[in-house]
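The values are calculated or read from the model by the stated rules, or taken from the named source; none is laboratory data. Note that the structure is predicted; figures quoted are calculated from it, not measured. Glycine gets a Cβ as well: all are built from the backbone with ideal geometry, and neighbour counts include every protein chain shown. Side chains are part of the model used for accessible areas, which takes the heavy atoms of the whole protein and leaves out ligands, DNA and RNA. Shrake-Rupley method; radii C 1.70, N 1.55, O 1.52, S 1.80 Å.
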Amino acid sequence: MKKENIFLAATGRSLARAEQDNGGWQITHQLEGVKINTIVRGAHNSQKVYLGTQHHGLMVSSDLGKAGKA
């Protein structure tokens, strides 16, 4: 099984997602305009991420924030 190297960060106006790819890092910004206060990875599903937001309540991503929607 391939180990994924993924880093998620709240920027104040989006979810930044950095993924290691061929020795480098690919950085994308998802959920533009959403103020994210908290990021928590799922305890029983490593692909699930819970995002606590300022004005949009709790959002859930099932693919570590890859699809750009929660």
message = Among the numbered criteria (1) surrounded by 14 or more Cβ atoms within 10 Å (Cβ to Cβ); (2) among the aliphatic types (A, V, I, L, M); (3) part of a loop (DSSP other than H, G, I, E, B), which one does A67 miss?
response = (1)
key: Conditions (1) on the phi < 0 side of the Ramachandran plot; (2) over 9 Å from the mean Cα position of the chain (by Cα); (3) at pLDDT 90 or above: number failed by L15   = (2)
request  = Could you look through segment 1-59, keep only residues that are of a type in the set (D, E, K, R) and in a loop (DSSP other than H, G, I, E, B), and pick out the one that is least open to solvent (accessible area, probe 1.4 Å)?
outcome  = K48
note = Residue pairs qualifying under the 6 Å Cβ cut-off, at least six apart or on distinct chains, with the first in segment 9-33 being in contact (Cβ under 8 Å) with a residue 12 or more places away in the chain and the second being charged (D, E, K, R) and surrounded by fewer than 14 Cβ atoms within 10 Å (Cβ to Cβ), are S14/E32
